[in-house]
Amino acid sequence: MNVAPVPSNLPQGDWMMDSAALGRFVLPAFEVIPKRLPQCVCAMLCTPEGFNLCSIGVTVDQLGKIAALTSSLISLGEATVQAVHSGQHPSLDVLTLQSGDLTTVGIKVPHVNGHLLLLVTAQAAPLGAILTIARSTAERIKELLPRSAA
């Protein structure tokens with residue numbers, strides 16, 4: 001399990017300090033993914049800007065890359081939805097990718113200040129199972145987050 005690190009030289013209120021606290025705060029909802037989906041290869045919760053909050057199955061040297069790619073994939077999916085539907089449909093909620101027996105699901109997790117991004121990748125698992133677990137995890141994370149600005 002990787003939670004965003006808290007460097008000792010950062011002042012209070014710094015983004016990294018807040019992201020580490022948020023990563024630890026949502027950890028109980030996040031940790032159930034491999035228990036409910038044994039085929040889970042990796043999972044990550046990150047910001048739309050591509051910063052890791054917490055992850056499972058991702059090596060430390062891959063954290064930044066996967067968080068940035070998750071952000072980019074959701075942004076590209078959003079742009080595609082807007083282009084194909086001429087802006088007449090709601091924004092992207094879920095994105096799926098298939099590569100051989102690997103399936104990746106990306107979900108936007110709404111919260112008071114926008115959204116976070118949840119990425120779940122599993123091997124040889126039915127898409128429906130991955131979607132169900134990703135959606136329920138996103139819902140649990142949403143329930144943990146504040147509902148209004150402080």
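The values are calculated or read from the model by the stated rules, or taken from the named source; none is laboratory data. All values reported here derive from a predicted model rather than from experimental measurement. Ideal geometry is used to build each Cβ from the backbone, glycine not excepted, and the neighbour counts take in all protein chains shown.
Tabulated values for the structure
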read-out	value
Every residue from segment 27-61 that is β-branched (Val, Ile, Thr) and within 19 Å of LEU131 (Cα to Cα)	VAL32, ILE33, VAL41, ILE56
Answer residue from segment 101-128, given it is free of Cβ contacts under 8 Å to residues at least 40 places away in the same chain and among the hydroxyl-bearing types (Ser, Thr, Tyr) and is surrounded by the fewest Cβ atoms within 10 Å (Cβ to Cβ) among those	THR104
Only one of LEU76, LEU63 that is assigned to a helix (DSSP H, G or I), without any contact (Cβ under 8 Å) to a residue 60 or more places away in the chain and among the hydrophobic types (A, V, I, L, M, F, W, C)	LEU76
Exclusive hit being surrounded by fewer than 11 Cβ atoms within 10 Å (Cβ to Cβ), over 15 Å from the mean Cα position of the chain (by Cα), of a type outside the set (Gly, Ala, Ser) and not in a loop (DSSP other than H, G, I, E, B), set GLN98, GLN88	GLN98
Exclusive hit being more than 17 Å from THR104 (Cβ to Cβ) and of a type in the set (Phe, Trp, Tyr), set PHE30, PHE25	PHE25
From ILE74, ILE66, ILE33, residue being closer than 14 Å to LEU118 by Cβ, modelled with pLDDT of 90 or more, of a type outside the set (S, T, N, Q) and touching a Cys at 6+ places or on another chain (Cβ under 6 Å)	ILE33
Meets criteria (in contact with a Phe, Trp or Tyr (Cβ under 7 Å, 6 or more places away or on another chain) and under 16 Å from GLY23 (Cα atoms)) for LEU119	no
